[in-house]
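Participant: One structure follows; several queries about it will come next.
The values are calculated or read from the model by the stated rules, or taken from the named source; none is laboratory data. Remember, it's a predicted structure, so these values are computed and weren't measured experimentally. A quick note on method: Cβ atoms are made from the backbone with ideal geometry, for glycine too, and the neighbour counts reach across all protein chains shown.
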Amino acid sequence: MKHIISILILIQTIAAQDIGKSRIIQSLTAVQDGFVSSLEWQDVPVATLYLSRHIINNSSFGDFIIVPPTSFDLDISKSFSATDRSSPGSIDKDLIPHTIFLGRLGINFALDLLTDREISGSPYKSAFLFQKSLIYTYTVTEIAKTIFKRERPDNSDTRSFFSGHTSTTFAGATFLFLELNDIYTNTKWIVENKYLLKAIQTTTFACLYGWAGYVGYCRIQDNRHYLSDVLIGASIGTVISYILHQSYFCEDDSFLKDLSIESLQDRLLLSYSLRF
């Protein structure tokens with residue numbers, strides 16, 4: 001209900017500002033430009049897998065690869081897990097990331113319409129890339145959960161390997177940290193004070209990864225995952241977001257931009273360019 005009220009207030013505010021049609025079209029064009037500039041060819045197969053996730057019947061794969069928990073996993077689970085418990089870190093894994101994504105779009109769009117600032121496609125591109133990192137992470141996580149069978153500690157199903165909550169949270173934390181760090185290092189008055197820069201970086205890291213680590217801990221405590229599920233999920237989410245961010249914002253470390261698909265006669269070839 002709060003979201004509905006906020007949207008109604010925003011609509012009333014926009015209507016009261018007597019915004020011209022051209023300004024709205026300009027804002028929508030910036031959103032479109034940001035979305036288009038965030039796309040690459042590899043998004044097509046990933047998007048196909050993501051959109052077809054509800055069509056695939058997991059049981060049809062059978063017990064393709066069974067991944068039993070290690071003895072260390074079992075010991076940790078017995079020590080930390082609690083039955084009939086739901087910690088704050090176990091809320092819907094998409095709630096906070098999607099709120100951040102929609103909030104970024106909404107704030108930029110409102111600033112463009114209601115103020116004299118002209119928002120280019122760049123902020124929208126960053127928001128779409130943030131969401132892309134979550135989609136990529138979710139897709140990889142779902143593929144792993146479908147192929148690898150590991151029973152959860154509470155015996156509810158065989159989708160324990162690896163933790164989707166942890167992979168999603170670490171993907172979001174990594175992308176946001178890299179984005180914010182770029183802002184810090186490109187802000188003159190922050191860079192000029194190395195102690196201030198280090199303090200801001202440390203605080204940002206502690207907040208983002210502190211929450212991500214807490215989510216991983218909650219998944220063990222709530223008897224939903226083993227330690228290895230959490231550690232691998234954290235690694236996968238971190239690596240995916242790092243590669244995506246670097247491929248768009250760091251020309252010297254563009255892994256995905258060196259990956260291409262080409263056609264040769266009647267065949268499709270996947271190639272990777274190495275630079276020396």
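Participant: So for the range 133-143 (the condition being farther than 19 Å from Val215 by Cβ and at pLDDT 80 or above), does at least one residue qualify? Steps first, answer last, please.
Facilitator: Residues of the range 133-143 that are farther than 19 Å from Val215 by Cβ, as a first pass: 139, 143.
Then keep just the ones that are at pLDDT 80 or above; that gives 139, 143.
Yes, the range 133-143 contains a residue that is farther than 19 Å from Val215 by Cβ and at pLDDT 80 or above.
Participant: List, please: which pairs have Cβ atoms under 9 Å, are six or more places apart or on different chains, and start with a residue in the range 26-40 that is outside any helix (DSSP H, G or I) and end with one that is at pLDDT 85 or above and among the hydrophobic types (A, V, I, L, M, F, W, C)?
Facilitator: Here the result reads Ser38/Ala127; Ser38/Phe128; Ser38/Leu129; Leu39/Phe128, each pair linking the range 26-40 to a residue that is at pLDDT 85 or above and among the hydrophobic types (A, V, I, L, M, F, W, C).
Participant: Any residue in the range 180-200 that is within 22 Å of Pro123 (Cα to Cα) and modelled with pLDDT of 90 or more sitting within a Cβ distance under 6 Å of a residue that is aromatic (Phe, Trp, Tyr) and surrounded by 11 or more Cβ atoms within 10 Å (Cβ to Cβ)? List the pairs, counting only those 6 or more apart or interchain.
Facilitator: Ile200/Tyr184
Participant: Something else about it: Looking at the range 233-249, which of its residues are at pLDDT below 90 and over 21 Å from Val36 (Cβ atoms)? Give the steps one after another, and end with the answer.
Facilitator: We begin by selecting, within the range 233-249, every residue at pLDDT below 90; these are 246-249.
Of everything in the range 233-249, nothing turns out to be at pLDDT below 90 and over 21 Å from Val36 (Cβ atoms).
Participant: Identify the residue in the range 86-129 that is loosely packed, with under 13 Cβ neighbours inside 10 Å and among the β-branched types (Val, Ile, Thr) and, among all such residues, is farthest from Ala171 (Cα to Cα).
Facilitator: Residue satisfying both the conditions and the ranking: Thr115.
Participant: Then there's this: Tell me which residues, restricted to the range 91-130, are polar (S, T, N, Q), at pLDDT 90 or above and out of contact with any Lys or Arg (no Cβ under 9 Å at 6 or more places or on another chain).
Facilitator: The first filter runs over the range 91-130 and keeps only residues polar (S, T, N, Q), leaving 99, 108, 115, 120, 122, 126.
Now drop any that are not at pLDDT 90 or above, which leaves 99, 126.
Scanning the range 91-130 gives a single hit, Thr99.
Participant: Additional query: Restricting the search to the range 178-213, which residues are in a helix (DSSP H, G or I) and over 26 Å from Ser247 (Cα atoms)?
Facilitator: Initially, the range 178-213 is screened for residues in a helix (DSSP H, G or I), giving 178-185, 188-191, 194-213.
Within the range 178-213, Trp189, Lys194, Tyr195, Leu196, Ala199 qualify.
Participant: Related question: Among (1) among the hydrophobic types (A, V, I, L, M, F, W, C); (2) in contact with a helix residue (DSSP H, G or I) (Cβ under 8 Å, 6 or more places away or on another chain); (3) surrounded by fewer than 16 Cβ atoms within 10 Å (Cβ to Cβ), which single condition is Phe170 missing?
Facilitator: Result: Phe170 fails condition (3) only.
Participant: Could you tell me whether the range 124-146 includes any residue that is at negative phi and in a loop (DSSP other than H, G, I, E, B)? Before you say what the answer is, go through the steps one by one.
Facilitator: In the first step, residues of the range 124-146 are kept if they are at negative phi; the result is 124-146.
From what's left, in a loop (DSSP other than H, G, I, E, B): none.
Checked against the condition, which is being at negative phi and in a loop (DSSP other than H, G, I, E, B), the range 124-146 yields no hits at all.
Participant: Can you go through Ile76, Ile65 and tell me which one is at pLDDT below 85, more than 23 Å from Ala171 (Cβ to Cβ) and among the hydrophobic types (A, V, I, L, M, F, W, C)? Reasoning before the result, please.
Facilitator: Details: Ile76 fails: at pLDDT below 85.
After applying the criteria, what remains is Ile65.
Participant: Just the residues that are over 14 Å from Phe170 (Cβ atoms) and assigned to a helix (DSSP H, G or I), please, taken from the range 214-232.
Facilitator: Taking the range 214-232 first, the residues over 14 Å from Phe170 (Cβ atoms) are 220-224, 226-228.
Listed by number, the residues that qualify are Ile220, Gln221, Leu227, Ser228.
Participant: On to the next question. Tell me which of these Arg152 doesn't satisfy, since it passes every other one: (1) within 15 Å of Ile236 (Cα to Cα); (2) of a type in the set (D, E, K, R); (3) outside any helix (DSSP H, G or I).
Facilitator: That leaves (1) as the condition not met.
Participant: Which numbered condition in (1) surrounded by 15 or more Cβ atoms within 10 Å (Cβ to Cβ); (2) within 30 Å of Leu28 (Cα to Cα) is the only one that Thr141 fails?
Facilitator: With (1) surrounded by 15 or more Cβ atoms within 10 Å (Cβ to Cβ); (2) within 30 Å of Leu28 (Cα to Cα) applied to Thr141, the lone miss is (2).
Participant: Next question, about the same structure. Tally time: how many residues in the range 209-243 are among the β-branched types (Val, Ile, Thr) and either closer than 21 Å to Asp154 by Cβ or surrounded by fewer than 19 Cβ atoms within 10 Å (Cβ to Cβ) (or both)? Lay out the reasoning, then the answer.
Facilitator: So the first thing to find is which residues in the range 209-243 are among the β-branched types (Val, Ile, Thr), and the list is 215, 220, 230, 232, 236, 238-240, 243.
Now restrict to residues that are either closer than 21 Å to Asp154 by Cβ or surrounded by fewer than 19 Cβ atoms within 10 Å (Cβ to Cβ) (or both): 215, 220, 230, 232, 239, 243.
Final tally of qualifying residues: 6.
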